[in-house]
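Notes follow the structure.
The values are calculated or read from the model by the stated rules, or taken from the named source; none is laboratory data. Here the structure is a predicted model, which is why all the values come from computation and not from measurement. Note: ideal-geometry Cβ built from the backbone for every residue, glycine included; neighbour counts use all protein chains shown. The protein model used for the area step is the full one, side chains on, heavy atoms only, and it has no ligands, DNA or RNA in it. Shrake-Rupley method; radii C 1.70, N 1.55, O 1.52, S 1.80 Å.
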Amino acid sequence: MKNKTLFVGALTVIFLTSCSKKETIPSEPMINNADSTAVQVPADSLTTATPADMAHTSQNSLDWNGTYEATVPCADCPGIKTSLTLNKDNTFSLTEEYIDRKTKDTDNGTFEWDSTGNIITLNGKTSKYKYKVGENKLIQLDLEGKDIEGPNKDLYVFKKK
């Protein structure tokens, strides 16, 4: 009877310990996402970032100087054919031709990069436009520097000539 009790007791201990939550140590490293959740990643996919890797911006990584063109929407005409030339010395020239009118506006001045090095603001006599600089394209932003939304948003993408 004593052996039977010992046997049942031993089985109970084994059963209880096998049901308890065990802490496992992952074989792969864990990294935290921007939302503070941990994600397991393969060790061979981790690389050491250098300060130079973190400093890539449109300003210092892209061949952004050149001429860009688009036909942007117009409230009372079929569109405005726009040509914007950005120069390496941070100057620009802008030509806006209103389709179906005999109106052509030109402006020139300087432009400034924002602190991220990815957005420029034109500082002309009349032009105060903002653009996000991408690979061979400019994306016109609204006056607050936000992406333009809606069905015509693709019309605000300037392509490099």
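Conditions (1) open to solvent by 40 Å² or more (accessible area, probe 1.4 Å); (2) within 22 Å of P78 (Cα to Cα); (3) small (G, A, S), marked per residue:
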{"residue": "N90", "(1), (2), (3)": "yes, no, no"}
{"residue": "T110", "(1), (2), (3)": "yes, no, no"}
{"residue": "I120", "(1), (2), (3)": "no, no, no"}
{"residue": "E135", "(1), (2), (3)": "yes, no, no"}
{"residue": "K153", "(1), (2), (3)": "yes, yes, no"}
{"residue": "Y156", "(1), (2), (3)": "yes, yes, no"}
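Could you please find all residues in the range 66-88 being surrounded by 15 or more Cβ atoms within 10 Å (Cβ to Cβ), within 14 Å of I120 (Cα to Cα) and not hydroxyl-bearing (S, T, Y)?
L84, L86
Looking at the range 93-161, what strands (runs of 3 or more DSSP E) fall wholly within it and have at least 3 residues that are polar (S, T, N, Q)?
103-113
Just to be sure, is I120 touching a helix residue (DSSP H, G or I) at 6+ places or on another chain (Cβ under 8 Å) and at pLDDT 95 or above?
no
Please determine whether any residue of the range 98-108 is among the aliphatic types (A, V, I, L, M) and under 20 Å from W64 (Cα atoms).
Scanning the range 98-108 turns up no residue that is among the aliphatic types (A, V, I, L, M) and under 20 Å from W64 (Cα atoms).
Before we move on, is D63 at pLDDT 95 or above and over 24 Å from L143 (Cα atoms)?
yes
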